[in-house]
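**Q** What follows is a structure written as structure tokens; I'll ask about it next.
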Amino acid sequence: MKAEPTFSLKDQLFNAEKVAYLAAQFSAAWRDFPTDTFVAAVMAKLPELELKARIIHISVCLQSVLPDNYPDALTIILKALPPELDPARSDDDFGDFIHAPLSEFIAMYGCSAEYLEISLAGLRENTKRFSVEGPIRTFINAFPAETLAFLTECAQSENYHVRRLASEGTRPKLPWAQKLVIDYHAPLSILDALFADQTRYVTRSVANHLNDIAKLDPALVVETLQRWKESGAQDEKEMAWICQHATRTLIKQGDPDALKLLGYGETPEIEISDFETSTPEVVIGEAFLFSFTLTAKKPQKLLVDYQMTFASDRDKQSQKVFKLKQLDVTEGKVTKIKKKHPMKLMTTRRLFPGTHTITLQVNGEPFDSLSFELVAPGS
């Protein structure tokens, strides 16, 4: 069964009102900007396009009304930019998506040796209003040495959006972005310069970058984090957060070195009892309930997760690990845990009726399992 979307993200981010707002910015920056022509051209095709295609479409429409000379067009784009994002904030300030076509324009029409310097400078200004982590990858692939040198400078910027670009734009597996041709080792010096940043928006990107590398080279990630910890350059609490966020994929995989880094490397000495469910049959859209009791046989740190194996219409079943609880227990400590897992339709995962199984996982090691039947509504 497929999820029914509750709203359209593409329509929320790119619509007639947003296009008119963008046109007004250009009209204020350049008195000859043909507002009506631009808006009509954009809206003629916008409704039929998906999100990424809308960004490209708006960029193409801009190119058709701006001066043919790229430097002149870029000057107008930079003049049309809104004020920089609030420098008083330190996180979750991505910017307005309607400005994405501006950096896309630079990648589409300014990625050449002739315009490299002004284009990179233009992206630096754009990222202070809306993240340019996607368009910068066009330049990394076309001019790797020059762009990495530029991003190395960005890592030293006073603006935290510019610093974040240095890490986010070079991620090996950035979602919804073109693949990089450079080796994943190439940006490591940039991460070394950013891990001690005082802004969570930046350190989250660094951690996500390492989590990408973890899918390619787990040992490198653990070694890098251990080296950063030992340097003492980052606040201890923030460094612990970076380690946890950067190793989340490895922890779900039960990687022993990552578990040890986080303090969960010890083999758990526990007893699981009363592992049961009050919902052996769950209707799609409702929730699966389970509970169990964990008894510790010695003092230890425990990371308790559960892996769900989903029913599938294919031979191979899919699995996903979900977080449950972190415990620091003493000998004989009894902990009762209850969990409600919604079995709702999602755009990122299809649900199929059939047997689903959960397996408790403590410090990366599997323990008891429990199954339930997922059924379609009305069956």
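All of the numbers you see were taken from the coordinates with simple rules; none came from a lab. Owing to the predicted nature of the structure, the values given are computational and were not obtained by experimental measurement. No Cβ is skipped: glycine too gets one built from the backbone with ideal geometry, and neighbour counts run over all protein chains shown.
**Q** Whose amide H sits under 5 Å from the amide H of VAL282, counting only residues 5 or more places off or on another chain, with H placed in the peptide plane?
**A** For VAL282, the qualifying residues are GLU373, LEU374, VAL375.
**Q** Next question, about the same structure. Determine ³J(HN,Hα), in whole Hz, for all residues of region 280-297 in sequence, where each value follows from phi through the Karplus function 6.51 cos²θ - 1.76 cosθ + 1.60 and θ = phi - 60°; x replaces Gly and Pro.
**A** x, 10, 10, 7, 3, x, 9, 10, 8, 10, 8, 8, 6, 10, 10, 10, 8, 9
**Q** For the residues GLU158, GLU125, GLU84, what sequence is obtained by ranking on other C-beta atoms within 10 Å, fewest first?
**A** With the sparsest Cβ surroundings first, the list reads GLU158, GLU84, GLU125.
**Q** Between GLU373 and SER27, what's the calculated FRET efficiency when r is the beta-carbon distance and R0 is 51 Å? Round to 0.05.
**A** 0.25
**Q** Something else now. Between the DSSP loop rule and a limit of at most 14 other Cβ atoms within 10 Å, which chymotrypsin sites (Phe, Trp or Tyr not before Pro) in region 197-281 are left?
**A** Within region 197-281, no chymotrypsin sites (Phe, Trp or Tyr not before Pro) qualify (loop, at most 14 other Cβ atoms within 10 Å).
**Q** Would you calculate a helix-derived [θ] at 222 nm for the chain, using -39,500 (n - 2.57) for each DSSP H run of n ≥ 4 and dividing by the full residue count, to the nearest 500?
**A** Computed ellipticity for the chain at 222 nm equals -12500 deg cm²/dmol.
**Q** With θ set to phi - 60° and the Karplus curve 6.51 cos²θ - 1.76 cosθ + 1.60, what are the ³J(HN,Hα) couplings of region 234-239 in order, to the nearest whole Hz, using x for Gly and Pro?
**A** 9, 3, 4, 5, 5, 5
**Q** Rank these for me by crowding, CYS61, CYS111, going from fewest to most other beta carbons within 10 Å.
**A** If I rank by nearby Cβ atoms, fewest first, I get CYS111, CYS61.
**Q** Kindly provide the pair-distance distribution of region 105-245 built from C-alpha pairs, with 10 Å bins from 0 and whole-percent values in order of increasing distance.
**A** 12, 45, 32, 10, 1
**Q** Quote to one decimal, in nm, the extra length available between LEU13 and THR293 on full extension: 0.36 nm per residue of separation minus the C-alpha distance between them.
**A** Stretched out fully, the LEU13 to THR293 stretch lengthens by 96.2 nm.
**Q** Right, here's the next one. Most mobile of ASP257, ASP197, ASP96 per a Gaussian network model of the chain (Cα springs, under 10 Å)?
**A** Greatest mean-square fluctuation among the candidates belongs to ASP96.
**Q** At R0 = 51 Å, how high is the FRET efficiency between LYS260 and LYS45 if r is their beta carbon distance? Nearest 0.05 is fine.
**A** So, using R0 = 51 Å, E works out to roughly 0.40.
**Q** In sequence order, what are the phi-derived ³J(HN,Hα) couplings for region 324-333 according to the Karplus relation 6.51 cos²θ - 1.76 cosθ + 1.60 with θ = phi - 60°, rounded to whole Hz, with x for glycine and proline?
**A** 10, 7, 10, 10, 10, 10, 9, 4, x, 5
**Q** Just how far, in whole angstrom, is region 152-198 from region 306-379 if you go by their alpha carbon centroids?
**A** 35
**Q** So which trypsin sites (Lys or Arg not before Pro) in region 132-231 pass both tests, a DSSP loop state and at most 14 other Cβ atoms within 10 Å of the Cβ?
**A** Listed in order of number, the matching sites are LYS179, LYS215.
**Q** Rounded to the nearest 20 debye, what is the charge dipole size of the chain about its Cα centre when +1 sits on each Lys and Arg Cβ and -1 on each Asp and Glu Cβ?
**A** In total the dipole reaches around 760 debye.
**Q** So for the pair THR330, ILE56, with labels modelled 7 Å out along Cα→Cβ, what separation do we get in nm?
**A** That separation, rounded to one decimal, is 6.3 nm.
**Q** Moving on. Do any of LYS260/LYS338; LYS45/LYS173; LYS252/LYS298; LYS252/LYS325; LYS320/LYS344; LYS252/LYS301 go past 19 Å between their Cα atoms, and which?
**A** Exceeds cut-off: LYS260/LYS338; LYS45/LYS173; LYS252/LYS298.
**Q** Also, I was wondering about something else. Let's test the formula: R0 of 51 Å, r as the Cβ-Cβ distance of SER64 and ILE284. What FRET efficiency results, to the nearest 0.05?
**A** Given R0 = 51 Å and the Cβ-Cβ separation, E is 0.60.
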